[in-house]
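First up is the structure itself, then whatever we jot down about it.
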Amino acid sequence: MNEKYDYKSIEAKWRDFWLSQKTFKTVGPSEDDFESDKPKCYVLDMFPYPSGAGLHIGHPKGYIASDIYSRYKKMQGYNVLHPMGFDSFGLPAEQYAIEHNIHPAEITEQNINSIRSQLQFLGLGYDWDREIATSRDDFYRWTQWIFSRLFESFYDSDNVWKDALGRVIVGKARPIEELRKEFSEGKRALSSEDEATLSLKGEQRHLWQALGKKEQESVLNNYRLAYQDEIVVNWCPQLGTVLANEEVTNDGKSERGNFPVFKRPLKQWIMRITAYSDRLLEDLNAPLAQGIGKDSFTLDWPEAIKSMQANWIGRSEGAEVFFDVLDSTTGDKCSSLKVFTTRPDTLFGATFMAVAPEHPLVTSGNEVYNVPAKWPNETQDSWRGETPGVGIRDALYDYIAQAQQKSANDREEKEKTGVFSGFYAVNPVNGNKIPVFVADYVSMDYGAGAIMAVPAHDDRDYAFAVKYGLNIVEVVSSPGQHEGCFTGEGTSINSPSGQESNEFGINGLKTVEAKAKITEVLEQKKLGNKTVHYKLRDWIFSRQRYWGEPFPLVTHLDGYTMTVTPPVLLPEMEDFRPETSSDPDRPVEPPLHRAGPEWRIAILDDGIQGERELNVMPQWAGSCWYFLRFIDPNNENSFCGEEAEQYFMPVDLYIGGAEHAVLHLLYSRFWHKVLYDLGLVSTPEPFKKLFNQGMITADAFQDDRGVYIDIRNVELRDGEGYDKETGAQLTRTAGKMGKRYKNGLPPEEVGEEFGVDTLRLYEMYMGPLEASTPWSMEGIRGMQRFLQRVWRNFIDLDGNLTISGQVTPDQTKMMHQTILRVTDHIENLRFNTAIAAMIEWNNGLVGCDSIPEEIAQTFLLLLNPLAPHISEELWERGNWGRGNLAHQTWPKADKALAAEDTVTLPIQVNGKMRGQIEVDKHIEEEELKKIVLEMENVSKFIPSEEAIKRFIVVPGRIVNIVVSE
RNA sequence: GCCGAAGUGGCGGAAUUGGUAGACGCGCUGGAUUCAAAAUCCAGUGUCUUCACGGGCGUGUGGGUUCGAGUCCCACCUUCGGCACCA
């Protein structure tokens with residue numbers, strides 16, 4: 001008999017064992033058998049959306065990593081929560097359903113079933129009793145419930161409070177009822193914005209009580225964290241929906257499907273994420289409070305993700321400055337321009353202004369209005385646009401129309417263009433008349449859509465000024481020589497000095513001081529304000545699709561909207577397709593519009609009919625809070641029980657791809673902070689440690705037509721790819737693994753051929769977890785050889801266990817060293833080096849007739865998280881009678897035993913004893929002499945005791961140095 | 001342009017407090033086994049030089065700190081990721 005390592009039957013056996021025994025079931029507080037003395041560890045994967053294509057071998061990299069970590073933590077005695085679910089609402093699932101012409105409700109559950117079995121095939125230790133899917137009504141009723149909390153809350157930005165650490169936090173979400181009360185009790189007055197909403201300017205109806213219900217509601221809409229507004233949105237006609245800024249690529253295409261996206265005003269539901277700009281930014285690095293009696297924590301996130309979020313929030317400090325605009329014929333003030341600048345200290349260098357083509361000063365819709373009828377006399381020829389001799393209004397009209405045609409890509413040419421608007425503005429600090437241009441290098445989306453141009457100290461303004469012959473006035477002294485303009489900081493010059501009794505005396509001040517002084521005076525004279533500006537925009541939250549969470553909202557016939565108690569079930573509709581078209585101006589009708597009146601019409605508490613909201617929530621809604629539902633997935637009374645939430649949160653380790661840096665990871669932080677403010681969760685941040693696994697890349701092969709050839713039909717010879725059928729040589733390209741490139745393999749296929757343990761080991765061994773590394777069909781064989789040698793070390797050719805014998809000192813030392821190394825590597829997610837340590841140890845055991853029991857057991861304990869099936873099988877064959885391996889305790893190493901044996905030798909300098917060095921006993925005598933000599937030489941150079949102590953010990957060679965006088 | 005990450009053999013990559021550079025794996029070379037091949041096992045494998053022992057040179061480039069630098073500092077080059085006319 002010749003028993004081989006039969007991975008297929010071993011893996012099937014243990015896969016079934018873990019599932020049927022519920023080996024990885026997690027017991028939380030308030031459940032039977034909860035062990036309250038155990039520390040918890042919440043290990044989370046970014047859950048997949050259930051695509052019909054299934055997983056390829058690139059997908060599970062992160063899942064394998066989190067599985068290793070959670071098995072390891074479990075063996076260390078933690079109560080590990082390691083759940084899995086499916087992000088099954090949203091565009092990807094729906095697009096798949098459309099393409100395959102199957103209803104999303106049906107196809108989604110089918111896809112979930114197939115992906116679940118793929119995950120189980122990989123031997124991943126999830127607690128499947130906690131599985132969730134965002135499209136199931138027992139889940140999305142709570143998504144709707146949380147939406148209601150956002151709708152029923154406002155951000156009180158004046159609320160100053162302290163968290164459990166005593167950190168002062170400015171701003172807090174509070175129930176909208178409290179705001180209503182403040183208004184009705186007269187403790188709060190309508191803001192000017194509220195008055196604008198109600199068109200109350202000049203009217204004397206500023207009292208809350210004087211407003212009707214609808215008017216009151218439209219005021220509250222200005223405060224709600226989920227509010228409705230008609231704004232310019234990203235409309236994608238071919239997807240039939242609006243998209244969030246985060247879902248649109250740089251070149252104006254949809255991230256999903258790569259369809260063109262158009263700007264269009266539409267009434268939408270919006271999340272007031274901008275209210276949290278400062279806190280979202282600050283908490284990336286701040287110490288964060290947990291509940292009473294718990295330690296604080298700071299986010300352990302990759303720097304790249306933190307900086308991406310910081311850039312996305314885009315906080316910049318500066319000032320708003322108001323410029324009067326003059327009527328060019330009469331010279332009287334006819335309008336005013338607000339600009340934002342980060343360099344108010346350069347105001348004296350502002351020699352012209354520029355407004356965006358969409359700016360209300362020059363446009364209303366597409367009509368040029370308000371601008372002078374004739375070019376002012378001083379107008380230079382180059383200021384009049386591209387067509388010579390045309391009138392000012394035509395020139396502007398042409399320019400603005402052209403600018404709107406330009407896509408983001410065209411603008412990257414960066415050739416600055418502009419047309420004189422005919423207006424002059426007055427620089428508020430020195431009264432200078434400066435021309436106002438319309439220029440497309442100013443964008444309406446940022447700041448005030450208008451700038452004061454300081455060509456001496458801004459590259460763009462400089463380029464523009466040079467092109468159009470505008471004045472350049474230097475107002476900041478620069479160190480040394482430079483060409484062009486100077487954008488750095490320095491000392492103010494050519495501005496008023498303090499002696500001139502001018503309030504704006506900033507000459508001689510450093511940039512920082514000049515900024516502060518000029519801003520202060522502007523504020524005093526009501527010419528400007530200190531402001532903080534953010535790039536972050538509010539989050540457009542409604543989608544004109546079918547497959548998403550319906551809003552728990554009903555609009556009263558009187559025109560105001562209110563929440564209804566969830567669940568609001570998604571109606572079953574045969575025709576769920578969105579109304580797509582290539583016409584960007586077509587009226588928008590969400591699919592739910594076609595749901596019958598029995599769904600659309602709701603009876604409100606007061607017996608009055610109302611119409612349900614017909615938009616649905618975006619794909620990101622469910623993933624904003626799913627990690628909370630895993631904690632208490634079957635709770636019918638709450639989204640998550642308080643006790644369980646306090647026990648398991650925050651997530652200790654969150655593994656997923658970096659592509660969610662500003663989408664899911666920003667949105668979920670925002671929701672979590674709202675829930676935190678409302679006292680519904682105990683931590684201000686959801687994810688303590690975040691880790692981005694790298695991709696698995698693979699070569700793809702194209703024939704001479706450019707058609708991708710399935711990787712299975714490619715034969716490799718001398719590094720070149722050839723078509724197995726035609727024999728033609730193929731072009732090789734390296735890149736992402738995916739269906740498109742036909743270079744991905746399903747895990748089952750690789751698992752069948754090499755074994756699941758081999759696949760797991762190989763994916764972890766390829767390189768550091770965060771790196772992207774190429775798949776190699778040769779490389780994976782190395783891991784298979786390793787496991788075969790492990791098997792052969794334990795099981796002889798007759799199928800008998802070869803465990804016996806005495807432990808040698810060398811074996812003991814190797815064992816303790818390996819325990820230390822592997823523990824450290826796994827703790828820090830360096831699985832590649834952990835595996836290397838195991839291979840090295842195993843190589844040392846090859847050739848032993850038999851392995852001592854203690855060595856064998858420890859070896860399997862360390863191997864278990866990495867290659868769980870084979871180690872379980874060998875453990876069972878060892879018949880150690882203590883249950884299966886997943887329930888064993890992680891071995892501890894004795895550092896003393898792991899250390900090398902050493903000898904101590906004297907150091908002599910010039911015949912005088914200077915101390916002792918401790919050296920490895922096993923070192924060769926020749927080398928030992930060399931070290932001593934080296935040591936003595938060194939000591940001559942640096943003979944002081946302190947200096948010799950600085951001579952750092954070489955591990956394994958020189959162990960310790962003791963210096964005497 | 002700005003921000004972030006990284007450059008080590010033929011390849012993937014080790015060297016996580018400044019201390020034996022190249023662990024471990026792939027590939028390759030030689031050998032054993034085999035009629036032969038695959039698989040397996042043994043030995044070798046940074047580079048130059050030497051019959052050999054040995055020696056020189058080696059972590060993107062150029063400087064610096066240090067007894068000692070892949071690791072720290074300065075300048076530069078290259079690659080990847082993100083943002084980008086952000087006022």
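With 0.36 nm allotted per residue and the present C-alpha distance subtracted, the A:Lys25-A:Asp798 stretch has 274.6 nm of extension available. The translational diffusion coefficient of region A:175-242, from Stokes-Einstein at 20 °C and 1.002 mPa s with a Kirkwood hydrodynamic radius over alpha carbon pairs, comes to 157 µm²/s. Here the peptides A:627-640, A:531-544, A:875-888 are ranked by packing, the mean other Cβ count within 10 Å, and the order with the highest first is A:531-544, A:627-640, A:875-888.
Principal-axis analysis of the Cα atoms of chain A puts helix A:392-405 at an angle of about 20° to the longest axis. Relative contact order of region A:555-713: 16 percent, from C-alpha pairs under 8 Å at least 6 residues apart in sequence.
Against chain A, whose longest principal axis comes from its Cα atoms, helix A:779-794 is set at around 30 degrees. Take the Cα radius of gyration of region A:550-688 and divide it by 2.2 N^0.38 Å, N being the number of residues; the result is 1.30.
Report the equivalent ellipsoid semi-axes for region A:208-291 in whole Å, largest first, defined as the square roots of five times the eigenvalues of the gyration tensor built from alpha carbon atoms. Don't skip to the answer; put the middle values down first.
Working: eigenvalues 171, 131, 14 Å².
Ellipsoid half-lengths, sorted descending, are 29, 26, 8 Å.
Close amide H contacts of A:Glu549 (hydrogens built in the peptide plane, cut-off under 5 Å, sequence separation of 5 or more or a different chain): A:Met617. Each peptide in A:550-559, A:573-582 receives the mean, over its residues, of other Cβ atoms within 10 Å, and ordering these scores from highest gives A:550-559, A:573-582.
How large is the charge dipole for region A:172-253, taken about the Cα centre, if only the Cβ atoms of Lys, Arg (+1) and Asp, Glu (-1) carry charge, to the nearest 20 debye?
For this selection, approximately 340 debye.
Distance from the alpha carbon centroid of region A:70-122 to that of region A:17-45 works out to 20 angstrom. For region A:1-147, the gyration tensor built on C-alpha atoms gives an oblate shape. Its axis ratio a/c (a ≥ b ≥ c) is at least 1.5, and a/b is not larger than b/c. For the listed peptides A:62-68, A:146-152, A:260-266, a ranking on the average number of other beta carbons within 10 Å per residue, highest first, reads A:62-68, A:146-152, A:260-266.
Note on region A:795-877: Rg/Rh from C-alpha atoms, Kirkwood Rh, equals 0.96. Between the beta carbons of A:Phe17 and A:Ala771, assuming R0 = 25 Å, the FRET efficiency works out to 0.15 to the nearest 0.05. Between A:Asn430 and A:Glu282, the distance separating the two model label sites (each 7 Å from Cα on the Cα→Cβ line) works out to 3.9 nm.
Considering all different alpha carbon pairs of region A:45-112, the Kirkwood hydrodynamic radius works out to 13.6 Å. Rounded to the nearest 20, the Cβ-based charge dipole of region A:699-830 about its Cα centre (Lys and Arg +1, Asp and Glu -1) stands at 300 debye. Using only alpha-carbon positions in region A:85-182, the gyration tensor eigenvalues give semi-axes of 40, 20, 11 Å once each is multiplied by 5 and square-rooted (largest first). Once the C-beta distance of A:Asp575 and A:Ile608 is scaled by a Förster radius of 35 Å, the resulting FRET efficiency is 0.70 to the nearest 0.05. Summing Cβ point charges (Lys, Arg +1; Asp, Glu -1) relative to the Cα centre of chain A gives a dipole of roughly 1200 debye. Over the C-alpha trace of region A:493-573, radius of gyration and Dmax come out as 26.9, 78 angstrom. For region A:255-392, the equivalent ellipsoid derived from the alpha-carbon gyration tensor has semi-axes of 45, 22, 15 Å in decreasing order.
For region A:125-132, putting each phi into the Karplus relation 6.51 cos²θ - 1.76 cosθ + 1.60 with θ = phi - 60° gives couplings of x, 8, 8, 5, 5, 9, 4, 10 Hz, in residue order, rounded to whole numbers and with x for Gly and Pro. A viscosity of 0.692 mPa s and a temperature of 37 °C, combined with the Kirkwood radius over C-alpha pairs in the Stokes-Einstein formula, give region A:461-596 a diffusion coefficient of 150 µm²/s. Normalising the Debye intensity of region A:1-75 to I(0), with uniform scatterers on Cα atoms only, and taking log10 at q = 0.22 Å⁻¹ returns -1.24.
Subtracting the Cα-Cα distance of A:Thr342 and A:Asp6 from their residue separation scaled by 0.36 nm leaves 114.1 nm.
When every Cα-Cα distance of region A:658-795 is counted in 10 angstrom steps from zero, the calculated P(r) takes the values 10, 27, 25, 19, 13, 6, 1 percent. Reported value for region A:616-676: 107 Å³ per residue, from the convex hull of its C-alpha atoms.
For region A:846-858, the Karplus equation 6.51 cos²θ - 1.76 cosθ + 1.60, evaluated at θ = phi - 60°, returns couplings of 4, x, 5, 5, 8, 9, x, 4, 4, 5, 4, 5, 4 Hz by residue, with Gly and Pro reported as x. Here A:Ala401 and A:Phe259 are evaluated by their C-beta separation; at R0 = 25 Å the FRET efficiency comes out at 0.55.
Once both labels are positioned 7 Å from their Cα atoms along Cα-to-Cβ, the gap between A:Cys334 and A:Asp558 label points is 4.5 nm. Bridgeable lysines around A:Lys214 (alpha carbons under 16 Å apart, same-chain partners fewer than 8 residues away excluded) are absent. Compute the long axis of helix A:303-313 from its Cα atoms, compare it with the longest principal axis of the Cα atoms of chain A, and write down the angle in degrees, 0 to 90, nearest 10. The helix A:303-313 is inclined about 20 degrees to chain A.
When the listed pairs A:Lys306/A:Lys689; A:Lys267/A:Lys673; A:Lys181/A:Lys213 are checked against a 22 Å cut-off, the alpha-carbon distance exceeds it for A:Lys267/A:Lys673. P(r) tail for region A:117-172: Cα pairs beyond 13 Å make up 75% of the total.
The value given for region A:147-268 is a Kirkwood hydrodynamic radius of 17.2 Å, derived from the mean inverse Cα-Cα separation.
Each of A:Lys38 and A:Thr249 was given a label point 7 Å from its Cα along the Cα-to-Cβ line. The distance between the two points is 4.6 nm. Taking θ as phi - 60° and the Karplus parameters 6.51, -1.76 and 1.60, the scalar couplings of region A:768-777 work out to x, 4, 7, 8, 8, 9, x, 6, 9, 6 Hz in sequence order, x denoting glycine and proline. Taking only the C-alpha atoms of chain A, Rg followed by Dmax gives 34.6, 108 Å.
Each value in this text was obtained by applying a stated rule to the coordinates, not by laboratory testing. Keep in mind that this is a model prediction, so the values were computed, not measured. Backbone-built Cβ (ideal geometry, glycine too); neighbour counts: all protein chains shown.
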